1. Where nothing but the Cβ of Lys and Arg (+1) and of Asp and Glu (-1) is charged, how large is the charge dipole of the range 2-249 around its Cα centre, in debye to the nearest 20?
2. Which one of Ala160, His191, Cys75 has its Cα pushed farthest toward the positive end of the charge dipole of the range 2-249, where Lys and Arg give +1 and Asp and Glu give -1 at the Cβ?
3. First select every other residue whose beta carbon is under 11 angstrom from the beta carbon of Val199; then total the charges, Lys and Arg +1, Asp and Glu -1.
4. For the range 160-250, what does the alpha-carbon gyration tensor say about shape, rounded, prolate or oblate, given a ≥ b ≥ c as the root eigenvalues, a/c under 1.5 as rounded, and a/b over b/c as prolate?
5. How high is the relative contact order of the chain, in percent, counting Cα pairs under 8 Å that sit 6 or more residues apart?
6. Checking the table Lys33/Lys161; Lys76/Lys161; Lys33/Lys222; Lys98/Lys126; Lys37/Lys190 against a 22 Å threshold on Cα-Cα, which pairs fail?
7. Just to confirm my numbers, what's the Cα centroid distance between the range 28-56 and the range 155-197 in Å?
Amino acid sequence: MLFIRSLLFSICHVLTAVLFSIVAVVLWPLPFKIRYKLVSQWAILNLWLLKVICGVRYEVEGAENIPDEPCVIMCKHQSSWETLALQAIFPPQVWVLKRELLWIPFFGWGLASLNPIAIDRAAGRKALNQVVEQGQARLDSGAWVVIFPEGTRVPTGQMAKFGMGGAFLASETGYAVIPVAHNAGKAWPKHGFLKYPGVIKLVIGDKIAIADNAQKVSDINKQVYQWMESQMTRLEGRKPEVALLMKEEK
C-alpha cells in the first residue's frame, strides 16, 4: 500500500508539474507577483496531494517570526518537500539554485518563470557576486530570497558545512536572515521514492538582523548553524553528525 500511494503521488506530482510549467510559460508576460501567485499554486496543490494520498502532514512553529519586510531565508535541506512548503508558508520568494535545474524539461520552465538566481556553482567568486547583485535586486523589489546553505540535500541525522552564499548576501545587502529547520527527510527521504505517513515539523527562527551591512559572513553562518543544529537535535532526538558529502553532490 505504501508503494501504491507513493506511486500515485509521483504520477500526480509529474503531471501537475507539466501542466503548471505550461501555464508558467503562458503567464510569463505578467508581473512577477501575479505570476508567482498563480504558478506557486502547484506547490500548494502538491502539499495537499501529499496529505490526501500519502498521509504526510506538516506543522509550523514560529510563524509569528515572519516579518513584513523581505529577508534572506537560510533553510535546512533534507528533502524535496521544503521546496514546496516554503512557497506555502512564506511571502513571494526567489531561490538561489544551480543553473542546471533550469535545463530540465517542463520543471525547469516553471522554475525559470519564478525569477530564480541560477548560478554556476563551479564559478567561485563570480557566482557569489552574482548572488549578491541579483539578490539585492530581488530583495529591493520586495521578493524574499531562499538559499539552502548546505548546498545539497543532506540525509536525516546529518548536517553539512555551510557555504558562503546566504550569509554573504545578507552581509553585503544588510537584509536580515530568517533561519528555518525541519525534519522532512523522515517522510520524504533524499532521493527517496517512498513517502512515509506522519507529521513533518518546520521551525522558523527569530529574525537575525545585520548590523550596518558589516557583520562578518563567518559570524552569520555560525549563528545560523548553531541555531539549526540545536533545532535538528530537538526535532530528531539526537545531535546531527557532520555530513561527508561526495564530491559530485557539492
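Each reported figure results from applying straightforward, stated rules to the coordinates on display, with no laboratory input. Here the structure is a predicted model, which is why all the values come from computation and not from measurement. Heads up, the Cβs are rebuilt from the backbone with ideal geometry, glycines too, and the neighbour counts pull from every protein chain shown.
1. My answer is approximately 660 debye.
2. Most positive-ward Cα: His191.
3. Local net charge: +3.
4. prolate
5. Averaging sequence separation for qualifying contacts and normalising by length gives 25 percent for the chain.
6. Where the Cα-Cα span goes over 22 Å, the pairs concerned are Lys33/Lys161; Lys33/Lys222; Lys37/Lys190.
7. 20 Å
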